[in-house]
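To start, the structure under review is shown below, and the notes come after it.
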Ligand SMILES: Cc1cn([C@H]2C[C@H](O)[C@@H](COP(=O)(O)OP(=O)(O)OP(=O)(O)O)O2)c(=O)[nH]c1=O
């Protein structure tokens, strides 16, 4: 039986699925944390800070449990692209990403509930190359609605997969949760991320 209660502080269906791949039992509580950040703050700090805010906002409502938060942003030529505000913003972001490489950063945070003060933050970055897109391709892609809840206005795992010509780093970081990093950190915090039968080679 899993010793610790794990809570995913995220409304993202991708994060739910990716965390689920570790075989752990967890609950989901969506945080209402403020996602604003200071202009000029380094991207690696922003994603860790936002992940921490999401996790701690949920942890503050609980007396026990370990809360995992995550945040993803796209950085292209030092411009930070979060989720598009509307269709025009999505088109602008895709024009920006067209025909070049950018970096996707996902920060993670673990916060123990109950006021123990135990916290952890970490981050991973992955470089992605997108082929040159025509205005017609951008319009058609945005019309699918897929970009609207995704940082940088695209989903590598979805219809935007046909636009991706290169990736350097962890694919899961792009989708929103660096699974191997989360697995390492949860192991350090006492979780069994592999079922016992797997570990014993049965
Ligand atoms: C670049 C990229 C991002 N994304 C997603 C991952 C994140 O869910 C989202 C970035 O927004 P986030 O603010 O990181 O997360 P969220 O609002 O979806 O969920 P929550 O804050 O409740 O945890 O973009 C993809 O699904 N595919 C991609 O290729």
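Could you list all residues from segment 1-17 that are touching a residue at least 40 places away in the same chain (Cβ under 8 Å), more than 9 Å from the ligand (Cβ to nearest atom) and touching a strand residue (DSSP E or B) at 6+ places or on another chain (Cβ under 9 Å)? Talk me through it step by step, then tell me what you get.
Initial filter on segment 1-17 (touching a residue at least 40 places away in the same chain (Cβ under 8 Å)): 2-10, 12, 14-15.
When the remaining residues are screened for being more than 9 Å from the ligand (Cβ to nearest atom), the result is 2-7.
Result: 4, 5, 6, 7.
Considering only residues in segment 80-91 that are within 18 Å of the chain's Cα centre (by Cα) and not in a loop (DSSP other than H, G, I, E, B), the one that is farthest from the ligand (Cβ to nearest atom) turns out to be 80.
Sort out which residues of segment 142-152 are more than 6 Å from the ligand (Cβ to nearest atom) and either within 14 Å of the chain's Cα centre (by Cα) or in a loop (DSSP other than H, G, I, E, B) (or both), and write them in order of number. Within segment 142-152, 144, 145 meet the criteria. Consider segment 1-43 and keep the residues that are surrounded by fewer than 18 Cβ atoms within 10 Å (Cβ to Cβ) and in a helix (DSSP H, G or I). The one that is farthest from the chain's Cα centre (by Cα) is 20.
Take residue 97 and decide whether it is near the ligand (Cβ under 10 Å from one of its atoms), crowded, with 19+ Cβ neighbours inside 10 Å, over 14 Å from the mean Cα position of the chain (by Cα) and closer than 19 Å to residue 150 by Cα.
Working: near the ligand (Cβ under 10 Å from one of its atoms): yes; crowded, with 19+ Cβ neighbours inside 10 Å: yes; over 14 Å from the mean Cα position of the chain (by Cα): yes; closer than 19 Å to residue 150 by Cα: yes.
So residue 97 passes the test.
Taken over segment 157-195, the residue count meeting the criterion of being more than 10 Å from the ligand (Cβ to nearest atom) and in a loop (DSSP other than H, G, I, E, B) is 10.
So for segment 120-130 (the condition being closer than 30 Å to residue 189 by Cα and free of Cβ contacts under 8 Å to residues at least 40 places away in the same chain), does at least one residue qualify? No, because not a single residue in segment 120-130 is closer than 30 Å to residue 189 by Cα and free of Cβ contacts under 8 Å to residues at least 40 places away in the same chain. Among the residues of segment 21-38, those that are more than 10 Å from the ligand (Cβ to nearest atom) and within 17 Å of residue 106 (Cβ to Cβ) comprise 21, 22, 37.
Which one of these is near the ligand (Cβ under 10 Å from one of its atoms), out of contact with any helix residue (DSSP H, G or I) (no Cβ under 8 Å at 6 or more places or on another chain), within 20 Å of residue 185 (Cβ to Cβ) and touching a residue at least 24 places away in the same chain (Cβ under 8 Å): 59, 51, 70?
Working: 59 fails: near the ligand (Cβ under 10 Å from one of its atoms); 70 fails: out of contact with any helix residue (DSSP H, G or I) (no Cβ under 8 Å at 6 or more places or on another chain).
Answer to the selection: 51.
Values quoted throughout were computed directly from the atomic coordinates according to the rules given, and no laboratory measurement underlies them. On a predicted model such as this, the values are computed, not experimentally measured, just so you know. Glycine also receives a Cβ, built like all others from the backbone with ideal geometry; neighbour counts cover every protein chain displayed.
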